[in-house]
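The values are calculated or read from the model by the stated rules, or taken from the named source; none is laboratory data. Predicted, not measured: the structure shown is a model, and the values here were computed from it. Note that we place each Cβ from the backbone using ideal geometry, even for glycine, and neighbour counts take in every protein chain shown. Side chains included, ligands, DNA and RNA excluded: accessible areas come from the protein's heavy atoms. Shrake-Rupley method; radii C 1.70, N 1.55, O 1.52, S 1.80 Å.
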Amino acid sequence: MALLEIHDVTVAYGMVEALHAITMQIQEGTITSIIGSNGAGKTTIINAISAMVPYKGSIQFDGKQLPLKSNQVVRKGIVQVPEGRKVFAGLTVEENLLVGAYTITDRKQLPQLLARQYALFPRLKERKDQDAGTLSGGEQQMLVICRALMGGPRLLMLDEPSLGLAPIIVREVFETIKQIKESGTTILLVEQNANKSLCMSDYGYVIENGRVILEGKGLALLSDSKVAEAYLGGK
Ligand code: ATP
């Protein structure tokens, strides 16, 4: 059984249908990528899982129907990192991380959770007392990922983590995503950088106009001529 099973999910914004009967599976312990062009519906899939938008169809997590309230979805262990690196600019790095731990009732766990994030990305430790708004773009991206990890999610959903970052920083972000998978967290990755994301994904889905048009193992998709033509600059 897959960790997350999306079955026939349809989302409409008013009269306009953005997703048409999407079916996808995410296996535990894997990285699954969703690729597709602007407006294809990638963010809408994440928002449906998070119960940020209403949907028809079924989304099951660990064999059970997901709740339809976003705060309850978070408590099931599904956390979303939205596009755009929204740090709390006036709070310090460490305060930002602590905000991410709001579901942790046993506060004694906090030092260990902080230590885990600082081990994942040591630059955050060096800057823990600095206002988050003064971090570089790449550091802010790492901070929002680490903030999401503070609640110990089972499924981490990342929306365009590489957007607008310099290539060397993109490499660092993707390396960190791999490490997060290795430490046991399942990852759903939405990316326009199809090449990089498929390279490290166990499985991928290609979305066009709200439909899954292709799916398969990451490396198999990378060598698919349709994917190459549409998303990899016609290699
Ligand atoms: P991008 O890569 O540009 O973020 P995406 O693949 O994530 O695109 P979505 O953001 O899921 O695409 O959008 C899918 C479609 O739904 C688009 O046509 C978009 O204009 C529309 N849409 C998204 N959010 C809303 C909304 N709140 N109200 C109305 N239409 C919306």
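Assorted remarks:
- Count of region 28-39 residues which are within 11 Å of the ligand (Cβ to nearest atom) and either touching a helix residue (DSSP H, G or I) at 6+ places or on another chain (Cβ under 9 Å) or in a strand (DSSP E or B) (or both): 4
- If you filter region 81-108 down to residues that are of a type in the set (S, T, N, Q) and open to solvent by less than 40 Å² (accessible area, probe 1.4 Å), you find that the one that is farthest from the chain's Cα centre (by Cα) is THR92.
- Residue in region 85-100 that is modelled with pLDDT of 95 or more, of a type in the set (Val, Ile, Thr) and within 16 Å of the ligand (Cβ to nearest atom) present: no
- Tally of residues being in a helix (DSSP H, G or I), open to solvent by less than 30 Å² (accessible area, probe 1.4 Å) and small (Gly, Ala, Ser) across region 57-80: 0
- So ILE168, is it away from the ligand (no atom under 16 Å from the Cβ) and open to solvent by less than 10 Å² (accessible area, probe 1.4 Å): no
- Count of residues meeting criterion [at pLDDT below 95 and open to solvent by less than 10 Å² (accessible area, probe 1.4 Å)] in region 181-197: 3
- Filter result for ASP8 (more than 10 Å from the ligand (Cβ to nearest atom), more than 27 Å from LYS196 (Cα to Cα), of a type in the set (Asp, Glu) and within 19 Å of the chain's Cα centre (by Cα)): no
- The listed residue being touching a Cys at 6+ places or on another chain (Cβ under 9 Å) and more than 17 Å from ILE6 (Cα to Cα), out of LEU222, LEU198: LEU222
- Of the residues examined, LEU188 is one that is within 28 Å of LEU66 (Cα to Cα), touching a strand residue (DSSP E or B) at 6+ places or on another chain (Cβ under 7 Å) and of a type in the set (A, V, I, L, M, F, W, C).
- Leading residue by the ranking (nearest to THR30 (Cα to Cα)) among those in region 191-212 that are free of Cβ contacts under 8 Å to residues at least 60 places away in the same chain and away from the ligand (no atom under 13 Å from the Cβ): CYS199
- Residue in region 16-27 that is nearest to LEU222 (Cα to Cα), counting only those that are modelled with pLDDT of 95 or more and either within 7 Å of the ligand (Cβ to nearest atom) or within 14 Å of the chain's Cα centre (by Cα) (or both): ILE26
- Enumerated helices (runs of 4 or more DSSP H) restricted to region 119-208, each holding at least 2 residues that are more than 18 Å from LYS86 (Cα to Cα) and within 12 Å of the chain's Cα centre (by Cα): 167-182
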